[in-house]
Each structure stands twice: as C-alpha cells, then as structure tokens.
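Q: Pasting a structure below so you can have a look.
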Amino acid sequence: MREKRTILLVTLCCLILSLRAEQTLLYLENAETLDFDEELHPDAQILRGNVRFRHDDAVMYCDSAYYYEKHNSLDAFGNVRFVQGDTLFGYGDKLYYDGNTRFARLRRNVRLVDKHTTLKSDSLNYDRPSGVAWYFSGGEIRDSLNTLTSRYGQYTSATHQAIFRGNVHLVNNRFVMDSDTLNYNTDTHVADIVGETVVLYEKETTIYSTLGWYNTETEHSMLLNHSLIVHTDGNTMTGDTIYYDKQSGFGKALHHIEMVDSANHLTLEGHYGEMYENGPAGKNSGYATDSALLIDWSDSTSYTYIHADTLFTEEVPYSVADIRMIESFVRNEEKDSLLLIETPDTLWRDTSYRQIRGYYGMRLYREDMQAVGDSVVYNGKDSVIALYGKPVIWSDNQQVKADEINVYMKNATVEHIHGIGSAIAIEMKHPRCFNQMSGKEMLAYVRDDALRQIDVNGNAETIFFPQEEDGTFIGVNRTQSSFVKVFFTEDKKIDHVTFTSATNGIMYPLEEMQDPMLPGFVWAENLRPASPDDVFRKE
C-alpha cells in the first residue's frame with residue numbers, strides 16, 4: 001500500500017514539475033511610471049506610459065496596466081496591441097492575459113489579424129497553446145475574398161479553419177450565403193455546409209443545401225442531402241448529390257434527380273443527369289438517364305409521362321417575324337395634298353422553344369393515349385410528339401402502328417395523329433374480331449378526347465365487322481382502295497365509310513373468312529403502358 005502511495009506522489013510531482021517547466025514568466029520591458037496601491041490593488045504593479053511586456057514570442061503594448069507578478073498575469077488598458085511572432089496581431093481597448101495558461105481576453109473594439117485574415121468583435125478570447133481564437137457575442141471574420149459574420153465564431157491560426165454558429169452571413173462580391181452553421185477555411189476559401197444554407201448568386205441563382213462544400217473562389221460545389229438549385233428563369237435541379245460549377249453553368253446530379261422547367265411545365269427525372277446553362281446543345285440544356293422520366297404537366301387534367309433510356313431537353317433558339325405598319329406620305333396630284341398610307345415592315349426578334357428527345361425503349365402514358373417505340377422527339381414550338389422506330393399508339397380500344405407517328409397537340413390535348421409508312425389502325429370489336437385499316441399514310445382526328453375520323457391514303461385496305469343493332473356480327477367486309485375515310489359517332493362507333501370510285505369490296509360470311517387480318521396486323525396490347533409507373537416496364 002505504501003509503495004502505491006509513493007508511486008502516486010512521484011507521479012504528481014513529475015506532473016507539477018513538467019507543468020512548471022512549460023510555464024514562462026512575463027517580463028516587463030518598459031513603462032514610464034510604476035506605482036503601488038496596497039489598498040485598492042494590493043498585488044498589482046500599476047504601470048503607465050508606453051507599457052510593454054514580453055512573454056515567449058509574444059509582445060504586448062498598452063497605455064497602462066496592472067501587473068500581477070506573483071500570478072504571472074496582467075490587465076492592460078488603452079491602445080492595446082498584442083503581437084505574436086511576425087504573423088499574428090491583436091488590437092483592442094482591454095487585454096486580460098494569464099501567463100501561466102497563456103490565455104488572452106481582448107475586449108472592446110477588438111481586431112485580430114493573421115496574415116490575410118481579420119477577426120473583429122467586441123469580445124474575443126485567444127488560447128495561445130492551441131492557437132484558437134473565438135468570439136461569442138457577435139463578430140466577423142474577413143479574408144481577401146469574403147466577409148463572414150455570426151453570433152459565435154472560432155478561428156484556428158495554424159489551420160486557417162473557422163467555425164461559425166448562429167445567423168451566419170457570408171458576403172462575396174458575386175453572391176451571399178446564409179446559414180445557421182458553417183465551417184470555412186480562409187486559406188482555401190472553401191465553405192463546408194453542415195446545416196441549412198442558402199446561397200444567392202447575383203439574384204439569378206439560389207442554392208439550398210444542408211450538407212456539402214462550396215469553393216467561394218472557383219464557385220465549384222458539391223451538394224449533398226437532396227440539395228436544390230433554382231434559377232430565376234424557372235429551371236431547377238435537385239438530387240441526392242450535385243456537383244455544380246456556377247462559372248461555367250454546369251451541374252451534374254446523382255440519384256433521385258429532378259430537373260424542372262416551370263416555364264414550359266416540364267419535369268425531367270432519373271438517377272443520373274447533367275444540366276448546362278450554356279451548353280453545347282443549346283441554352284438551358286440537359287439530359288437524364290438511369291430510370292429517366294419526363295413529365296409534361298402543362299395539362300393539369302392529364303399529365304404526359306415519357307420514359308426512355310436517355311432523355312434530353314434543350315432550349316432551341318429561332319427567329320420570328322414581327323410585322324409592323326410603317327406610316328408614310330404620298331402626294332395626291334389631283335387635289336395637291338398629302339395622303340397617309342401604311343406599309344408593312346418585317347422585323348425579326350429572337351425567341352426559343354423547348355425540345356425533348358428520348359432514345360431507346362421509349363414508352364409514353366397519358367390517360368387518353370399510350371405509346372411505345374424506339375425514340376421520341378417533342379417539339380415545343382409546334383406542340384408535336386414525333387415517335388420513331390415502328391411505334392405503336394393506343395387510345396381506348398384503338399391502336400395505330402406505322403414506321404413513324406407524329407402526334408399533334410393543341411391546348412395540351414391531342415388534336416390529330418399522323419402515321420407515315422406501313423400505317424395500320426386496329427379497333428378491337430371482339431377478342432377475335434378487329435376492324436382494320438392500312439395504307440402508306442394515315443391521319444386520325446380527335447375531338448373532345450374522342451376519335452372522330454380516320455383518313456387512309458395510298459394502297460388503302462380495310463377489314464370491317466358489320467353488326468346488327470343488337471351487336472350480332474353480320475360478316476366480314478374487306479375492301480381495297482386508293483383512299484378511305486372513316487367517320488365515328490360521339491359514342492365511338494363507326495358512323496359511315498367513304499371510298500374512292502375505284503374500290504374493290506367483298507362481304508364474307510364469318511365462317512368463310514379463316515384469317516381476317518391485313519398484312520402487318522399485330523395487336524400489341526401486352527406492350528401497352530397501363531399507368532405512369534408502367535412506362536418503366538421492360539419488354
């Protein structure tokens with residue numbers, strides 16, 4: 001037991017000796033007067049006039065001071081200046097310094113300068129062993145690029161790393177950043193986002209993030225936790241991870257990305273995407289892949305969902321004519337007077353439209369229309385959806401297939417459909433009975449969300465299954481003509497059919513027509529998207 005106590009005492013003595021060895025004395029190097037006041041300040045030397053102290057590599061200047069030699073500390077007043085080495089300078093009206101702990105407290109009009117970094121506050125503490133300075137009642141840190149203010153701020157001189165808490169506000173000559181918590185390096189000018197943060201860039205771009213980093217010098221950033229980038233033109237970008245270069249206008253997003261064009265009512269989704277504010281494909285362009293999905297919400301009653309392996313969006317510039325009437329005068333020779341006439345003058349102004357392109361495995365869903373194909377191009381200027389790669393399109397119990405199909409929209413609804421090359425339209429009347437029309441070209445007209453007319457041009461062939469009023473099939477009517485028009489009633493039944501004069505037609509009994517199908521007949525109902533989520537189904 002005695003041996004343990006002896007070891008403990010030896011250990012404590014060694015610790016005390018080591019602490020004393022680390023402590024150094026404050027040295028008074030200059031003062032014009034020295035007084036004592038045993039009643040008010042019994043332990044203090046009262047110094048006045050050009051007072052200067054030295055402690056290790058630090059020198060302290062002031063107008064007057066209380067020097068507590070026994071406690072190895074001092075209180076300095078008036079024009080306080082604290083110099084450590086040749087890099088760190090502190091200024092203030094008061095300084096309380098403990099030489100044993102090497103802890104300094106600067107008060108009132110405080111300024112701490114470390115190379116290109118300046119801290120300002122009314123109260124600042126500085127721990128010399130750790131090189132950490134902090135304010136706790138409001139202050140600012142300024143470097144060569146930015147000014148940051150907050151309620152609490154902490155700065156480490158060795159690493160140039162600063163920590164800010166409470167009403168953090170960063171001001172740059174190109175943007176401002178507001179946050180409740182922010183870490184910042186005055187050497188690299190990189191701000192670490194660790195809380196709710198908003199970056200407003202020249203009132204044209206706003207960034208919302210809770211985690212990531214932002215290089216305030218290069219304006220490169222890595223934004224995590226589903227951050228959001230908003231532009232004043234209505235375009236936004238969000239994703240689990242976003243790499244954003246503001247200077248070049250390039251953004252790259254990973255996982256659960258969403259790019260919104262509110263001006264054109266379009267949303268582009270996927271798990272990988274890129275956005276170019278001034279890209280090679282045009283202004284405000286981008287693409288999405290890996291579960292890519294385009295949502296057109298221009299019609300609030302019927303959204304359009306388009307999926308393809310890769311979906312591109314771009315703003316395409318073009319010029320439009322702006323015709324104005326120009327006033328001019330001519331003389332009326334009969335009446336010797338001036339006549340006012342107006343002549344047209346064509347001016348040109350620049351505008352743009354949104355174009356969407358989708359490649360490979362295209363699938364489209366609307367409540368009133370569904371389609372599949374190889375690729376798609378949506379032209380916002382003419383409101384045309386062009387489908388390529390032997391597409392198939394459905395509406396109710398009707399199907400159209402062709403080498404190429406163009407869907408013309410008006411007021412966000414389908415107006416007519418144009419099938420080009422090997423076009424065939426099929427209407428299922430019964431699982432074994434299909435009305436069919438085929439030809440080189442086909443036009444299907446829609447009114448009030450219902451098919452009202454189909455025109456077939458070039459080598460037109462038809463197969464119809466006429467019915468009695470009670471629905472009983474009469475037989476099979478097959479015709480060949482150069483042109484056919486089919487008209488539908490409001491309840492989607494065939495009203496009448498018109499042919500050219502040179503038409504061959506035969507009515508067959510049902511039991512005699514063994515294979516009532518036109519060349520190219522395929523009823524592809526199994527490929528038809530049944531819901532917005534079904535556009536991702538692979539065939």
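Q: Search the stretch 409-427 for residues that are at positive phi and pair each with any residue that is surrounded by fewer than 22 Cβ atoms within 10 Å (Cβ to Cβ) and of a type outside the set (Phe, Trp, Tyr) when their beta-carbon atoms are under 7 Å apart and the residues are at least 6 apart or on different chains.
A: ALA412/SER298; ALA412/ASP299; GLY421/ASP403; GLY421/GLU404; GLY421/LYS440; SER422/ASP403; SER422/GLY520
Q: Only one of these conditions is not met by THR479: (1) surrounded by fewer than 16 Cβ atoms within 10 Å (Cβ to Cβ); (2) of a type in the set (Ser, Thr, Tyr); (3) in a strand (DSSP E or B). Which number is it?
A: All conditions are met except number (1).
Q: Within the stretch 511-519, can one find any residue that is touching a Pro at 6+ places or on another chain (Cβ under 8 Å), over 30 Å from ASP290 (Cβ atoms) and part of a loop (DSSP other than H, G, I, E, B)?
A: Looking for residues that are touching a Pro at 6+ places or on another chain (Cβ under 8 Å), over 30 Å from ASP290 (Cβ atoms) and part of a loop (DSSP other than H, G, I, E, B), one finds none in the stretch 511-519, hence no.
Q: So, in the stretch 34-62, exactly how many residues are of a type outside the set (Phe, Trp, Tyr), surrounded by fewer than 16 Cβ atoms within 10 Å (Cβ to Cβ) and either assigned to a strand (DSSP E or B) or modelled with pLDDT under 85 (or both)? Walk me through it before giving the result.
A: Let us first name the residues in the stretch 34-62 that are of a type outside the set (Phe, Trp, Tyr), namely 34-35, 37-52, 54-60, 62.
Retained after the next criterion (residues that are surrounded by fewer than 16 Cβ atoms within 10 Å (Cβ to Cβ)): 34-35, 37-43, 49-50, 56-57.
Narrowing further to those that are either assigned to a strand (DSSP E or B) or modelled with pLDDT under 85 (or both): 34-35, 37-43, 49-50.
Matching residues across the stretch 34-62 total 11.
Q: Collect the residues in the stretch 459-476 that are part of a strand (DSSP E or B) and at pLDDT 85 or above, keeping them in residue-number order. Walk me through how you get there before you give the answer.
A: Pass one, the stretch 459-476, residues part of a strand (DSSP E or B): 459-464, 467, 473, 476.
Correct list: ASN459, ALA460, GLU461, THR462, ILE463, PHE464, VAL476.
Q: Further question on the same structure: Restricting the search to the stretch 123-137, which residues are buried (at least 16 other Cβ atoms within 10 Å of the Cβ) and either among the charged types (D, E, K, R) or within 25 Å of GLU217 (Cα to Cα) (or both)?
A: Correct list: ARG128, VAL132, ALA133, TRP134.
Q: Could you say which residue among MET507, MET513, MET442, MET437 is at pLDDT 85 or above, surrounded by 13 or more Cβ atoms within 10 Å (Cβ to Cβ), more than 26 Å from SER302 (Cα to Cα) and not aromatic (Phe, Trp, Tyr)? Even if it seems obvious, please write down each step before you answer.
A: Working: MET507 fails: at pLDDT 85 or above; MET513 fails: at pLDDT 85 or above; MET442 fails: more than 26 Å from SER302 (Cα to Cα).
Of the residues listed, the single one that is at pLDDT 85 or above, surrounded by 13 or more Cβ atoms within 10 Å (Cβ to Cβ), more than 26 Å from SER302 (Cα to Cα) and not aromatic (Phe, Trp, Tyr) is MET437.
Q: Of the residues SER137, SER144, SER130, SER179, which single one is part of a strand (DSSP E or B), polar (S, T, N, Q) and on the phi < 0 side of the Ramachandran plot?
A: SER179
Q: Step by step: first the residues of the stretch 292-324, then only those that are within 17 Å of ILE385 (Cβ to Cβ) and of a type in the set (Asp, Glu), then the one that is modelled with the highest pLDDT. Which residue is that?
A: The selected residue is ASP296.
Q: What are the pairs with Cβ atoms under 9 angstrom where one residue, in the stretch 506-533, is among the hydroxyl-bearing types (Ser, Thr, Tyr) and the other, located anywhere, is not in a strand (DSSP E or B)? Sequence gap at least six, or different chains.
A: TYR508/GLY475; TYR508/PRO516
Q: While we're here: For the stretch 98-125, how many residues meet the condition of being under 21 Å from ASN79 (Cα atoms), out of contact with any Asp or Glu (no Cβ under 8 Å at 6 or more places or on another chain) and in contact (Cβ under 8 Å) with a residue 40 or more places away in the chain?
A: Looking only at that region, the number is 3.
Q: Now for a separate question. Test ASP491 against the stated conditions and say whether it is outside any strand (DSSP E or B) and at negative phi.
A: Yes.
Q: So which residues in the stretch 238-283 are more than 12 Å from the chain's Cα centre (by Cα), within 13 Å of GLU314 (Cα to Cα) and in a strand (DSSP E or B)?
A: If the condition is that a residue be more than 12 Å from the chain's Cα centre (by Cα), within 13 Å of GLU314 (Cα to Cα) and in a strand (DSSP E or B), then LEU266, ASN278, GLY279, GLY282, LYS283 are the ones that fit.
The values are calculated or read from the model by the stated rules, or taken from the named source; none is laboratory data. Bear in mind that the values here come from a model prediction, so they are computed numbers and not experimental data. Ideal geometry is used to build each Cβ from the backbone, glycine not excepted, and the neighbour counts take in all protein chains shown.
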